[in-house]
Amino acid sequence: MKARFLGIDDLTDVPSVAVVVDVMRAFTVAAWAFARGAEKIVLAGSLDDARALKDRHPDWVAVKDGPPAPGFDAVNSPGLLRSVDLAGRTVVQKTTAGTVGALAVKESELVLCAGFVVAEATARLLRARGSDRVTFVVTGEDGRADEDLACAQYIAGRVTDPAGTDAAGFLGRAARSRAAAELAEGVRQGVHPDDVALCLEADRFPFAMVAASEGPLMILRPCAIPQGPDGDPV
């Protein structure tokens, strides 16, 4: 597999296969939402779009970055979301980087959204598909976020050399990242003390997350990847 690692603003074409990475915290939150029972996640293009969707669908759960705000039910924190019952619910998510990155590649044939918590399942899906060219979209810090790059490189390694790619070094880089420091030091708002640790749980969930256009909306859904005794998809 030939992998390239680009920031959102570096995208000059429509990739066939795109893996959009936001470790801290959009796609860790998305994975937790599915683990808590959410049926689907609508990736909103703006805060106004998210509010409008919430107004039209009062039963949907709207999530945003930063502190609580009118029109939103929750903030983009895995530590806070993990106790919320989302069984059968639709979540609307708008974040600074992750949702922006996913919408930037919405014309791609396959769009996966990922963090460390779904890294192995994402790699298994890519292996099962036999993708020979994959664009990893590093969403944070204009493409320079080392936690996102580390996760992208970990997934790429698990695709091409699963036996020789261990999570420890990649997680260490993410733990030392600027985003991790800002979350730990309270620079960012809407934070739970466990957020960094939850973002650094490699391969916690057995599903990948696939985004696709459904009518006018970009919808993220979980995709279970059955695994055989040899570790390969079945």
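Checking residue 179 against (1) part of a loop (DSSP other than H, G, I, E, B); (2) hydrophobic (A, V, I, L, M, F, W, C); (3) at pLDDT 95 or above: exactly one of these is not met. Which one? Among (1) part of a loop (DSSP other than H, G, I, E, B); (2) hydrophobic (A, V, I, L, M, F, W, C); (3) at pLDDT 95 or above, residue 179 violates only (1). Count of the stretch 137-180 residues, restricted to those that are more than 16 Å from residue 28 (Cα to Cα), out of contact with any Gly (no Cβ under 9 Å at 6 or more places or on another chain) and of a type in the set (Val, Ile, Thr), is 2.
Inspect the stretch 156-163 for any residue being out of contact with any strand residue (DSSP E or B) (no Cβ under 7 Å at 6 or more places or on another chain), part of a loop (DSSP other than H, G, I, E, B) and surrounded by fewer than 20 Cβ atoms within 10 Å (Cβ to Cβ) and give the result as yes or no. Yes, the stretch 156-163 contains at least one residue that is out of contact with any strand residue (DSSP E or B) (no Cβ under 7 Å at 6 or more places or on another chain), part of a loop (DSSP other than H, G, I, E, B) and surrounded by fewer than 20 Cβ atoms within 10 Å (Cβ to Cβ).
The single residue among 66, 98 that is under 21 Å from residue 188 (Cα atoms), surrounded by 14 or more Cβ atoms within 10 Å (Cβ to Cβ) and at pLDDT below 95 turns out to be 66. Name the single residue, out of those in the stretch 182-192 being small (Gly, Ala, Ser) and out of contact with any Ser or Thr (no Cβ under 6 Å at 6 or more places or on another chain), that is modelled with the lowest pLDDT. Per the criteria, the residue is 186. Just to be sure, is residue 89 out of contact with any Pro (no Cβ under 7 Å at 6 or more places or on another chain), among the basic types (Lys, Arg) and under 24 Å from residue 183 (Cβ atoms)? So residue 89 fails the test.
Given the criterion without any contact (Cβ under 8 Å) to a residue 40 or more places away in the chain and under 20 Å from residue 134 (Cβ atoms), identify the matching residue among 186, 164, 215. Sole residue among the options that is without any contact (Cβ under 8 Å) to a residue 40 or more places away in the chain and under 20 Å from residue 134 (Cβ atoms): 164. Of all the numbered requirements in (1) more than 23 Å from residue 104 (Cα to Cα); (2) part of a strand (DSSP E or B), residue 6 misses one, and that requirement is (1). None of 72, 34, 27 is surrounded by fewer than 23 Cβ atoms within 10 Å (Cβ to Cβ), touching a residue at least 60 places away in the same chain (Cβ under 8 Å), hydrophobic (A, V, I, L, M, F, W, C) and in contact with a strand residue (DSSP E or B) (Cβ under 8 Å, 6 or more places away or on another chain) except 34. For the stretch 104-119, filtering for residues that are among the charged types (D, E, K, R) and crowded, with 24+ Cβ neighbours inside 10 Å leaves 0.
If the condition is being more than 22 Å from residue 196 (Cα to Cα), hydrophobic (A, V, I, L, M, F, W, C) and at pLDDT 95 or above, then the stretch 113-133 contributes 123, 125, 126.
Across the stretch 78-95, not a single residue is classified as more than 18 Å from residue 193 (Cβ to Cβ) and either without any contact (Cβ under 8 Å) to a residue 24 or more places away in the chain or touching a Cys at 6+ places or on another chain (Cβ under 8 Å) (or both).
Among residues of the stretch 193-234 being touching a helix residue (DSSP H, G or I) at 6+ places or on another chain (Cβ under 6 Å) and modelled with pLDDT under 95, the one that is surrounded by the fewest Cβ atoms within 10 Å (Cβ to Cβ) is 233.
Screening the stretch 83-95 for residues that are touching a Lys or Arg at 6+ places or on another chain (Cβ under 7 Å) and within 18 Å of residue 37 (Cα to Cα) and picking the one that is surrounded by the fewest Cβ atoms within 10 Å (Cβ to Cβ) gives 85.
The values are calculated or read from the model by the stated rules, or taken from the named source; none is laboratory data. The structure presented is a predicted model; accordingly, all values stated were derived computationally and were not measured. Please note: Cβ atoms are built from the backbone with ideal geometry, for glycine as well, and neighbour counts cover all protein chains shown.
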